[in-house]
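Notes for the one structure printed next.
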Amino acid sequence: MPTDSKRILVVEDEPTIAASVAARLSAEGYETAIAGDGHAALSTAQEYPPDLVVLDLMLPGLDGLEVCRRLQAQRPVPVLMLTARDDETDVLVGLGVGADDYLTKPFSMRELVARVHALLRRVERATQFATPPDEQAHHSVGDVHISLAERRVWRGGSDVHLTPTEFTLLVYLVERPRTVCTREQLLTELWSWPDGETRTVDSHIRALRHKLGPELIRTVHGVGYALETP
């Protein structure tokens with residue numbers, strides 16, 4: 001798959017895992033760098049601006065959550081977070097500080113590569129299909145206001161930070177009010193990953209509800225989600 005020499009920073013304190021991940025990504029055509037702790041990750045990201053970061057949640061010194069928060073403050077970048085536990089709280093906090101997706105250890109290299117490909121495709125698609133500033137530049141749903149041109153969201157007048165994935169998911173639902181979107185549909189359209197884990201969608205929906213209110217998105221049990229409009 002063509003990668004246009006995308007740069008990926010692998011942040012992992014277990015040398016064997018870090019080397020294996022970097023080797024597999026290099027074999028896929030990506031440029032890779034490795035950081036073994038949080039401080040090294042931040043300094044490496046400044047010297048070697050990555051197009052994507054594979055970030056372990058449990059790191060010595062600065063943990064993955066703090067690293068993710070600081071990385072996003074420096075420069076928005078897609079983050080695939082690795083976690084040893086499939087714990088909802090860890091996942092929600094990770095998504096809340098700027099991670100775009102997560103993968104639970106142990107994982108297969110094939111799945112990791114698929115997630116990386118999908119994340120980078122999502123960023124490229126968001127750039128290609130960005131709405132021109134003078135065409136449908138704003139959406140409002142209740143007290144939630146969305147600026148497509150600025151890629152910003154406010155709730156009740158207060159700025160709300162959304163990750164690139166959360167923003168894309170929100171706009172997709174907003175542009176289809178009251179339409180039920182299946183998890184599989186969302187994975188295909190937004191993640192470019194029809195055979196992916198549907199819990200990824202569920203986690204991002206929970207993160208959006210946490211930030212924008214539980215009443216904004218309705219669950220259609222056994223099917224998917226729909227945006228509620230006043």
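The values are calculated or read from the model by the stated rules, or taken from the named source; none is laboratory data. It should be emphasised that the depicted structure is a prediction, and the values quoted were computed from it without experimental measurement. FYI the Cβ positions are ideal-geometry reconstructions off the backbone, even for glycines, and counts take in every protein chain you see.
From the list VAL160, VAL180, VAL153, the lone residue that is surrounded by 19 or more Cβ atoms within 10 Å (Cβ to Cβ), in contact with a strand residue (DSSP E or B) (Cβ under 6 Å, 6 or more places away or on another chain) and not assigned by TED's automatic domain parsing to the domain that holds PRO78 is VAL153. Elements of the type strands (runs of 3 or more DSSP E) sitting completely within the range 142-230 and holding at least 2 residues that are in contact with a Gly (Cβ under 9 Å, 6 or more places away or on another chain) and not aromatic (Phe, Trp, Tyr): these cover 144-147.
Filtering the range 85-107 to residues that are exposed (fewer than 14 other Cβ atoms within 10 Å of the Cβ) and modelled with pLDDT under 80 leaves ARG85, ASP86, ASP87, GLU88, THR89.
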